[in-house]
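Working notes, structure below.
The values are calculated or read from the model by the stated rules, or taken from the named source; none is laboratory data. Only a predicted model underlies this, so the values are computations on that prediction, with no experimental measurement involved. Neighbour counts run over all protein chains shown; Cβ positions are idealised from the backbone, glycine included. Areas reflect the complete protein model, heavy atoms only, side chains present, ligands, DNA and RNA absent. Shrake-Rupley method; radii C 1.70, N 1.55, O 1.52, S 1.80 Å.
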Amino acid sequence: MRFWKNSKSSHFTFYLYLMLGIVAALGISFIGFIYEQRHYEQALENRSVSIGLVEELRQSSNDLTRLVRTYATTGNPVFKSQFQAVIDIREGRIPRPSNYSLAYWDLKAIDPGYQSDKKPVGEAVALLELMRRAGITREEMANLAQSKAYSDELVRIEKMVMALVDQDSPVNPAKREQALRMMVDENFLSIKAQVMRPIILTEGMIIRRTQQVVDATHKRLKIALTALFILSALLVVLILKVRQQLNLIIGCSIPELHRTIIRLGSGDFISPIALNNKNADSVLGWIAQTQRTLAQLDLLHYKAMVDSSDDAILSKTTQGIIASWNRGAEKIFGFSADEMIGKPMMDIIPADRAHEEPELLARIARGEKVDHFETRRLHRDGHLVDVSVTISPVRDQSGRVIGASKIARDITKAKAAEAEIRRLAFYDTLTGLANRRLLQEQLQHTLLRAQRDQAEFAVLFIDLDNFKALNDVCGHEAGDELLKEVAVRLSKCVRESDIVARLGGDEFVIILNISRDSNQAGTGWVDTVTQKINISLARPYHLAHTVHSCSSSIGIAIYSGQATSTSELLRQADQAMYEAKTCGRNRFHIYQPPL
């Protein structure tokens, strides 16, 4: 490519490889830093462990002396067993508890059950062996072995003290006093001092030795950290240089290139790409040339797509004047392009929807897009067409809205199918009344509204008397004809705000709302309508081949604020209906709750 000049390529490659080298050096420095950091932490850990083990030797000697003195004073065998446990742990005869520390036997003296649930773990290792494993030098080990030997001598004396106390039972006070004096005489105290001197000397040796390692490791750690900072600074400088060279090759900033590619990917082949003498031979220049080629192809594809689409695709000005009209529009609305181009869109908008066009034009003028707006438009022959409309603003190069593009899809069949599905789902196919499902929904809504507004309503359960006789004598066709006539009469007896439904067979339900202007006391408002229904249904039915008369039994459940449910209201109305039948039919009965 012409834009990839040798000078730009060589500089970019040089800086890129140099940056990769710095990154590699930075990685090595980072690994070195981590290694030295761990080495530093390990040196501190080794010093802490070594000092801790030396302190344990000192503490074990003190613990043994304290336990023997306490045993001699109290005679409690617990302290004797603890004395032996200290020796066994120090000599490696038994594993040490997992929570073993310098204060362990002090806490056991206060609470013998301290951490009794913690069992010894691991192998049984002598204290001197632990010191050797911790890296203590031979010279330091010699001092500690000497201290251990003196401590063992003290153990021998301490065992003699306990043996003296145990000679008599109960303990002889004179022997107890003699035993306690043995632990404070000049020989005992001299050996005790011999135990402590090597320990103090060894602690100083360990501190000096480990401090040298810590200091050396810390120095190397600082060098690695300094190298990290220097290499990081160099990496930042090289990133800036690489970015500068990359911008020269690309012809713009990376975010700008990203936005340009997104525009092209989204199909925007119209918005111009700004070029100058510096970036004409860059990646951006090549993209601009590609954009022009794609725009020419897109125009051809768009024209073919518009002409072949079954949807109405048209454009109009901001004043609502039609500027283009494709074959799909001719098919949907019946008008040719010659008849519609230059005409106002209002020509195909019915009078009851004339307010929509100014509102849509106002939204387009604000730059808004209208998605799937469902409306109705006029066909040439005068019938209405259900359409789903999507409208997008058309802008000029400065971004100003100069018109609108519109796609209208004929959804007449879909609307009809939707209405038919709803009818089958919610309405009785024979009578056209609400079915059981819709009745349940409407009854639930009525109950909630009555609870909210503290209003009353009634549920009427209607059953036709002697309907089965008509079916048996004249057949089901006559029965169906009678049921349809019953549905018509019931609908005429109530208001449009009331709900009439057929449950099935010869059973009907009416949800009767109290009139806002009703001034009838008690249940008078229900009685009036129910009597009207009884009279209407009792009139003769002139069927195809016969005249039939039948009455009705009506059960009524009235909601007046009591706690209830829709199913309970239907059950009460049904029960009241059976009461009406029992009392002689052709009458109504209002449900009365049991006292």
Legend entry - Which listed residue is free of Cβ contacts under 8 Å to residues at least 12 places away in the same chain and under 57 Å from the mean Cα position of the chain (by Cα), from Gly475, Gly524, Gly504: Gly524
Inset, instruction - Kindly indicate which of Asp338, Asp386 is open to solvent by less than 70 Å² (accessible area, probe 1.4 Å) and either at pLDDT 90 or above or not small (Gly, Ala, Ser) (or both). - result: Asp386
Inset, instruction - For residues that are free of Cβ contacts under 8 Å to residues at least 12 places away in the same chain and not in a helix (DSSP H, G or I), scanning just region 74-101, find the one that is farthest from Glu55 (Cα to Cα). - result: Asn76
Legend entry - Selection count where residues are open to solvent by less than 80 Å² (accessible area, probe 1.4 Å) and under 47 Å from the mean Cα position of the chain (by Cα), scope region 346-357: 5
Inset, instruction - May I ask you to list pairs of residues, at least six apart or on different chains, whose Cβ atoms are under 6 Å apart, with the first in region 7-32 being closer than 11 Å to Ala227 by Cα and the second being at pLDDT 80 or above and among the small types (Gly, Ala, Ser)? - result: Ser29/Ala227
Inset, instruction - Have a look at Ser50, Ser61, Ser29 and point out the one that is hydroxyl-bearing (Ser, Thr, Tyr), open to solvent by less than 60 Å² (accessible area, probe 1.4 Å), assigned to a helix (DSSP H, G or I) and under 21 Å from Gly135 (Cα atoms). - result: Ser50
Legend entry - Hits in region 547-569 (condition: among the β-branched types (Val, Ile, Thr) and loosely packed, with under 13 Cβ neighbours inside 10 Å): Val547
Inset, instruction - Restricting attention to region 577-595, report how many residues are over 16 Å from Phe457 (Cα atoms) and surrounded by 13 or more Cβ atoms within 10 Å (Cβ to Cβ). - result: 9
Inset, instruction - Examine region 240-261 for a residue that is under 30 Å from Arg38 (Cα atoms) and surrounded by fewer than 16 Cβ atoms within 10 Å (Cβ to Cβ), and state whether such a residue exists. - result: no
Inset, instruction - Restrict the check to region 417-430 and report whether at least one residue is surrounded by 15 or more Cβ atoms within 10 Å (Cβ to Cβ) and among the polar types (S, T, N, Q). - result: no
Inset, instruction - Answer yes or no as to whether Leu460 is under 58 Å from the mean Cα position of the chain (by Cα), buried (at least 16 other Cβ atoms within 10 Å of the Cβ), closer than 29 Å to Ala425 by Cα and at pLDDT below 95. - result: no
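One line per residue, one yes/no per condition, for (1) modelled with pLDDT under 90; (2) in a loop (DSSP other than H, G, I, E, B); (3) out of contact with any Asp or Glu (no Cβ under 9 Å at 6 or more places or on another chain); (4) on the phi > 0 side of the Ramachandran plot:
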| position | (1), (2), (3), (4) |
| --- | --- |
| Arg380 | no, yes, no, no |
| Gln397 | yes, yes, yes, no |
| Ala408 | yes, no, no, no |
| Gly432 | no, yes, yes, yes |
| Leu439 | no, no, yes, no |
| Gln442 | no, no, yes, no |
| Thr446 | no, no, yes, no |
| Arg449 | no, no, yes, no |
